[in-house]
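Trainee: I'd like to ask some things about the structure below.
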Amino acid sequence: MNTQLASGKVYRDDVKKSDNSTKKRATDDLVERGEWSFAIPSDGIELSKDMSALDSYFARLNYVEPLPAEEQQELAERYIEEDDVEAAKLLVLTNLRLVVKLAMEYRRHGMNLLELIQEGNVGLAEAVKRYDPYRGVKFISYAQYWIRAMIFNHMMNHIHPVKICGTRAGRKLFFNLNKAKRAIKAKGLEPTNERVAEYLDIDTQDVELIGMNMESAPVSLDMPLSDGSATTVSDMMETEEPNPEDYTAQYQFRARLREAIDKFGESLDDDRRRSIWYERTLSDDPNSLRELGEVWDVSKERIRQIEVEMRDEFKLFFTKFMGGEAEVFSNYAMA
């Protein structure tokens, strides 16, 4: 099969082929790096130095003509049966216009069109790699799936500084929110969150949260509250860290608690009770009830009873120890 492009280049069946390992390696590089420009003809094309990268890309694509479905099928079969990387490259090259067409459909919210095209080209190469020409599906139909998938993924990850489309509901809203609102308005109804949720078959709470994030502009934490103000948005946000007063109060409470624990231990005049207090109640690696029971020749239940008694005694001891401070530090007892 001979395939001739508008530039005059001819791709033939008898192109010199490299060994299979080289072909596979080249194909993997094609998918991983997305280097499409290697095949786009440039001979005889006049490109202005003032042209943007996007305009230059479009100008070169004008010299690449799409192939009929039958010829695309033949290229795909050659790639599968003969590991013909040149056929795969030509299949990519002659479908680059399709990528541009699909990318134009999703150009919104200030997205860079060239970035969308690049992601779509990655999807096109992935389609070539995965396409099975014997399933009765045209390559162009199969390729659209992968092109759209890569563009969608890029948009969801980069259109908003906060990732809002990681869930099924988020993806539905991202691509269908405006469409759903138009459909509801067409029925003469107000597109409320409840109606949008019902139309898209998702929870109303998802519409409220994700829709709000999509429609509101992101706010920088470093943005001043007003012109000339030194105070930023982040300065006014509540922090999870304790303020200096709370931190000092917590430190003082813990110091007093440690002091009370030591004094209570010193007040224990029974060796068995002292052992349970230090080796079980306070220890980071406490002895088991059975171990202490064997040491003191009593049952596990008896050890447990003594421990409970001492805990109750300590509560009373601590209250007396703190005196009037007990109420002041009550908020920090569980800190």
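Trainee: May I ask which of Lys49/Lys101; Lys263/Lys300; Lys263/Lys320; Lys89/Lys129 have a Cα-Cα span longer than 19 Å here? Don't skip to the answer; put the middle values down first.
Mentor: Details: Lys49/Lys101 25 Å; Lys263/Lys300 27 Å; Lys263/Lys320 12 Å; Lys89/Lys129 11 Å.
Correct reply: Lys49/Lys101; Lys263/Lys300.
Trainee: Want the number for Leu221 to Arg274: 0.36 nm per residue separation, take away the alpha-carbon distance, what's left? Intermediate values should be presented prior to the final figure.
Mentor: On the way: separation 53, 0.36 × 53 = 19.08 nm, distance 5.49 nm.
Computed gain between Leu221 and Arg274 is 13.6 nm.
Trainee: Something else about it: Quick check on the exposure proxy: order Val196, Val99 from fewest to most C-beta atoms within 10 angstrom. Mind dumping the intermediate values first?
Mentor: Numbers: Val196 22, Val99 26.
Final ranking by Cβ density, sparse to dense: Val196, Val99.
Trainee: Something else now. What is the spin-label model distance, in nm, from Asp201 to Arg135 if the labels are put 7 Å beyond Cα along the C-beta direction?
Mentor: Each label point is offset 7 Å from its Cα along the Cβ direction, giving 2.3 nm.
Trainee: I've got another one for you. Provide the gained length on full extension for the span Lys187 to Ala69, in nm with one decimal, where the gain is 0.36 nm per separating residue minus the Cα-Cα distance. Walk me through the numbers on the way to the answer.
Mentor: Details: separation 118, 0.36 × 118 = 42.48 nm, distance 4.11 nm.
38.4 nm is the gain from fully extending Lys187 to Ala69.
Trainee: Moving on. Fully extended, how many nm does the chain gain between Gln250 and Tyr145 (0.36 nm per residue separation, minus their Cα-Cα distance)?
Mentor: Length gained between Gln250 and Tyr145: 31.9 nm.
We did not get these values from a lab; they are worked out from the coordinates using the rules stated. All figures in this text were calculated on a predicted structure; none of them were measured in a lab. As a convention, Cβ positions derive from the backbone with ideal geometry for all residues, glycine included, and neighbour counts pool all protein chains shown.
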